[in-house]
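Everything on this sheet refers to the single structure shown next.
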Amino acid sequence: MRIARFSIDGNVAFGVVEDEGGSAGLVLDIIKGIPYADFERSGTKVPLSKVRLLPPVLPNKVVAFGRNYAEHAGELGNAVPDTPFAFFKPTTSVIGSGDAIEYPSFSSELHHEAELAVVIGRMCREVPRERVKDVIFGYTCANDVTARDVQKREKQWARAKGFDTSCPLGPWVETELDASDLTIQATVNGDQRQLGRTSEMIHSIEDLIVNITEAMTLLPGDVILTGTPAGVGPLNIGDEVAVTIEGIGTLTNKVIKRG
């Protein structure tokens, strides 16, 4: 099931994405309630083309894991970590598909990083490995946009990876998916930059969730970024970057000048 968050006529709602075929195409069946609990479909449907897609969730926190693909760590001259390597992106960094990435004024080297994002569906802490699937609501596409020059220059990554608009998510959440071996790719202006598979992760989704819930409580809607495959590269003002993950869809954003 694909669940999107959207706005129409000034109202915000969640809906189940359905393909009705023919001229109708993709429509959203508005749901009653919130997607993390039991909900009903209202039967009120709106064409996807008539709405504005929003970030599919509003996370309390985004926990990101770095250097989780060996080839990516190597392309930046970094060692592969023995244990998961976590950092945070603030909620103010989150945007949806179709929203603009604003090129930060304090950087001159912006990079794309295509990632699988895990959306948490229930409050959880100290999750045992055998229960990890029970706390996952679904999966979406992410772009861990990074000011690479700032990341290299500063000892911590708060500004380099946490600036406004640096965490595109979308276009929706896919709730029924085996995420262990999916194709993940990024294109810029239609040219392929990144191509990998989620099976290439050093630390699995189970590893990451066990690791972070040893330290903190996750809440419904929280997002886990699982790392990026090799091929990261520059983004310039005017570029359109797209992250596509098998079984989910495509997250597309354009880069604009900030301010």
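Could you pull out the residue among 83, 91 that is of a type outside the set (A, V, I, L, M, F, W, C), at pLDDT below 95 and out of contact with any Gly (no Cβ under 9 Å at 6 or more places or on another chain)?
83
Go through (1) modelled with pLDDT of 90 or more; (2) open to solvent by 70 Å² or more (accessible area, probe 1.4 Å); (3) in a loop (DSSP other than H, G, I, E, B) for residue 44 and report which single condition fails.
Condition (3) is where residue 44 drops out.
Determine whether residue 113 is open to solvent by less than 30 Å² (accessible area, probe 1.4 Å), among the charged types (D, E, K, R) and closer than 20 Å to residue 228 by Cβ.
Against the criterion (open to solvent by less than 30 Å² (accessible area, probe 1.4 Å), among the charged types (D, E, K, R) and closer than 20 Å to residue 228 by Cβ), residue 113 qualifies.
For residue 130, only one of the following conditions fails: (1) assigned to a strand (DSSP E or B); (2) free of Cβ contacts under 8 Å to residues at least 12 places away in the same chain; (3) acidic (Asp, Glu). What is its number?
(1)
I'd like the residue in region 144-158 that is of a type in the set (A, V, I, L, M) and not in a helix (DSSP H, G or I) and, out of all such residues, is surrounded by the fewest Cβ atoms within 10 Å (Cβ to Cβ). So that I can check it myself, show each step before the final result.
Of the residues in region 144-158, the ones of a type in the set (A, V, I, L, M) are 145, 147, 150, 158.
Restricting the remaining residues to those that are not in a helix (DSSP H, G or I) gives 145, 147.
Numbers: 145: 27, 147: 24.
Out of the qualifying residues, it is 147.
Evaluate the following for residue 39: is it more than 22 Å from residue 251 (Cβ to Cβ) and either in contact with a strand residue (DSSP E or B) (Cβ under 9 Å, 6 or more places away or on another chain) or open to solvent by less than 90 Å² (accessible area, probe 1.4 Å) (or both)?
The answer is yes for residue 39.
Would you confirm, using the coordinates I've provided, whether residue 99 is more than 22 Å from the chain's Cα centre (by Cα) and of a type in the set (Asp, Glu)? Spell out how you get there, then give the answer.
Numbers: more than 22 Å from the chain's Cα centre (by Cα): no; of a type in the set (Asp, Glu): yes.
No.
Restricting to strands (runs of 3 or more DSSP E) lying wholly in region 174-259: which have 1 or more residues that are open to solvent by 30 Å² or more (accessible area, probe 1.4 Å)?
Of the strands (runs of 3 or more DSSP E) lying wholly inside region 174-259, those with at least 1 residues that are open to solvent by 30 Å² or more (accessible area, probe 1.4 Å) span 183-188, 191-197, 233-235, 240-245, 249-257.
Evaluate region 151-162: report whether one residue or more is under 22 Å from residue 4 (Cβ atoms) and either among the charged types (D, E, K, R) or out of contact with any helix residue (DSSP H, G or I) (no Cβ under 8 Å at 6 or more places or on another chain) (or both).
no
Could you check region 52-97 and list, in sequence order, the residues that are among the basic types (Lys, Arg) and either surrounded by fewer than 17 Cβ atoms within 10 Å (Cβ to Cβ) or within 30 Å of residue 9 (Cβ to Cβ) (or both)?
If the condition is that a residue be among the basic types (Lys, Arg) and either surrounded by fewer than 17 Cβ atoms within 10 Å (Cβ to Cβ) or within 30 Å of residue 9 (Cβ to Cβ) (or both), then 52 is the only one that fits.
With under 12 Å from the mean Cα position of the chain (by Cα) and closer than 15 Å to residue 117 by Cβ as the only criterion, which of 205, 224, 212 stands out? Lay out the reasoning, then the answer.
Numbers: 205 fails: under 12 Å from the mean Cα position of the chain (by Cα); 212 fails: under 12 Å from the mean Cα position of the chain (by Cα).
Checking each option against the conditions leaves just 224.
The values are calculated or read from the model by the stated rules, or taken from the named source; none is laboratory data. All values derive from a computational prediction rather than experimental measurement. Ideal geometry is used to build each Cβ from the backbone, glycine not excepted, and the neighbour counts take in all protein chains shown. Side chains included, ligands, DNA and RNA excluded: accessible areas come from the protein's heavy atoms. Shrake-Rupley method; radii C 1.70, N 1.55, O 1.52, S 1.80 Å.
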